[in-house]
Structures are given as C-alpha cells and as structure tokens.
1. Going by what's in this entry, would L125 be described as more than 17 Å from G82 (Cβ to Cβ), modelled with pLDDT of 55 or more and surrounded by fewer than 18 Cβ atoms within 10 Å (Cβ to Cβ)?
2. Any idea which of V102, V113 is within 20 Å of the chain's Cα centre (by Cα) and assigned to a loop (DSSP other than H, G, I, E, B)?
3. Looking at the range 5-40, which of its residues are exposed (fewer than 12 other Cβ atoms within 10 Å of the Cβ) and either touching a strand residue (DSSP E or B) at 6+ places or on another chain (Cβ under 9 Å) or in contact (Cβ under 8 Å) with a residue 40 or more places away in the chain (or both)?
4. Name every residue in the range 42-57 that is over 18 Å from L76 (Cα atoms), of a type in the set (A, V, I, L, M, F, W, C) and loosely packed, with under 12 Cβ neighbours inside 10 Å, in order of residue number.
5. Looking only at the range 19-51, filter to residues that are hydrophobic (A, V, I, L, M, F, W, C), under 21 Å from the mean Cα position of the chain (by Cα) and assigned to a strand (DSSP E or B); which one of those is farthest from D70 (Cα to Cα)?
6. Return yes when T45 is in contact with an Asp or Glu (Cβ under 9 Å, 6 or more places away or on another chain) and among the hydroxyl-bearing types (S, T, Y) and no when it is not.
7. Being loosely packed, with under 14 Cβ neighbours inside 10 Å, of a type outside the set (G, A, S) and over 21 Å from E11 (Cβ atoms) narrows it down to one of N65, N104, so name that one.
8. Check whether at least one residue in the range 49-70 is hydroxyl-bearing (S, T, Y), within 29 Å of S163 (Cβ to Cβ) and without any contact (Cβ under 8 Å) to a residue 40 or more places away in the chain, and report yes or no.
Amino acid sequence: MIAKLTGKVIEKLPPECIIDVNGVGYEVFLPMTSFYKLPELTQSTSIYIHQVIREDAHTLYGFHNRLHRDLFRELLKANGVGPKLALAILSAMSAEEFINIVQNESLGLLVKVPGVGKKTAERLLLEMKDKLMKWSANMVSTGILSESTPEQFAQASQAQSSSQDAIEALIALGYKANQAESAVKKVAQTGLSSEEIIRQALKSML
C-alpha cells in the first residue's frame, strides 16, 4: 500500500494533482484544504496517501498531514460515507473545524456540506463523537484549538498516531485495553516514538 509520496507537482486541476516521483506520475485526489497547501508547479512536496483498491480502479487520496488522512479514514468507517463525501467534508472544513463541529454538535454547519443531509449529519455526529474524543483531548493538551500551522497539525497528528500505535501494540501483547490506554496516557509526550512510548509504558506497569 502507498502511504506517502514525495515528488514534484507537475499538474494541478482541483481537486486532483499529479505528483512526479522519480519519473512516475501519480494521480492524487485531495480535499481542497490540502490542495491549497500544494506548492507551485515543479516544486517538491510530500503528501500522505490513502489508497482505495477496487476491481476497476486504484485511487489515491492525498493529505497535507497525517491528521487529515486519519480523519478521512475515520469518516470512511461511518455508515453511508464514501470517499467522495469524505472528500467533500474535508474540502469544506479543516480537520480541526470538523472536530469542533462534532464536539459542539453543530448540525447546522454540517448540513451545509454538499451531499450531507440532515439524517446523514445526525448519524455522523453520533458515530464520530466518541471516536474523536481522543483527538480533541490531544489538541487541547498541545494547545491547538484555533487556526494552526501545518507544522503544528503534523506534530499533533504524529503524537496521536504514536500513542495509538503503542496502545494497539500493548493490547497485542495481552494487556487489556483500559490498562494499555492508562499506561500510555501516563508516559506519552510530544516527540516520542511509538517504540519509546511502549518501552516506558511497560516499565510503568511493572
């Protein structure tokens, strides 16, 4: 699976672009919030990728940081949400704005997105609230509550991803979910790799 592409932007036609990676051009669809972050043509960029494989096509969706890609993946798990609708949601708002909408249950803002009716919006608010609680807590702890730079988003995304990877690893080792989450919460710090978080979490449980 393709997880990330680094190369030159050789074509931009919203909502897609072509990234030249060592002579191979990859067609990538992006939400507009990520499309706006693309550099000028012939300039280098790195984008995180979610790949959808079907019998008739292999489609790449790109994001300027991991937070947006992870949110896209969570949206795809929601009932009735496909790539097209998830792309529309993240084109209308940033990941941070979506999280705030879910936490505040702002139904009126969500139904303004093309393709999101009242029933779909209500279902999304219900399904996504619990999933996004950890993300919201992470953003509060890192002070990211308003408009943020791509670097801040990337740092928050990396911290959340490392902690989640550590939790999943501890569960795989036989620890209960609540034990793993509690141990990781005690030791997780911005900048630590998942391996270091696991190491410290294991020590804390001895």
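The values are calculated or read from the model by the stated rules, or taken from the named source; none is laboratory data. What you see is a predicted model, and the numbers here were worked out from it, not measured in a lab. Cβ coordinates were reconstructed from backbone atoms using ideal geometry, including for glycine residues, and neighbour counts include every protein chain displayed.
1. Details: more than 17 Å from G82 (Cβ to Cβ): yes; modelled with pLDDT of 55 or more: yes; surrounded by fewer than 18 Cβ atoms within 10 Å (Cβ to Cβ): yes.
Answer is yes for this residue.
2. Details: V102 fails: assigned to a loop (DSSP other than H, G, I, E, B).
None of the other options fit; the residue is V113.
3. Filtering the range 5-40 for residues exposed (fewer than 12 other Cβ atoms within 10 Å of the Cβ) gives 6, 13, 22-24, 36, 39-40.
Those that are exposed (fewer than 12 other Cβ atoms within 10 Å of the Cβ) and either touching a strand residue (DSSP E or B) at 6+ places or on another chain (Cβ under 9 Å) or in contact (Cβ under 8 Å) with a residue 40 or more places away in the chain (or both): T6, N22, V24, P39, E40.
4. First, pick out the residues of the range 42-57 that are over 18 Å from L76 (Cα atoms): 42-47, 55-56.
From what is left, the residues that are of a type in the set (A, V, I, L, M, F, W, C) are 47.
Scanning the range 42-57 gives no hits.
5. Start the filter on the range 19-51 by keeping residues that are hydrophobic (A, V, I, L, M, F, W, C), which leaves 19, 21, 24, 28-30, 32, 35, 38, 41, 47, 49.
Narrowing further to those that are under 21 Å from the mean Cα position of the chain (by Cα): 19, 28-30, 32, 35, 38, 47, 49.
Among the residues that remain, those that are also assigned to a strand (DSSP E or B) are: 19, 28-29, 47, 49.
Details: I19: 21, V28: 17, F29: 15, I47: 13, I49: 10 Å.
Once the filter is applied, the top-ranked residue is I19.
6. Values: in contact with an Asp or Glu (Cβ under 9 Å, 6 or more places away or on another chain): no; among the hydroxyl-bearing types (S, T, Y): yes.
No.
7. Working: N65 fails: loosely packed, with under 14 Cβ neighbours inside 10 Å.
Matching residue, one of N65, N104: N104.
8. Let us first name the residues in the range 49-70 that are hydroxyl-bearing (S, T, Y), namely 59, 61.
If we keep only those that are within 29 Å of S163 (Cβ to Cβ) as well, we get 61.
Subset that is without any contact (Cβ under 8 Å) to a residue 40 or more places away in the chain: 61.
Yes, the conditions are met somewhere in the range 49-70.
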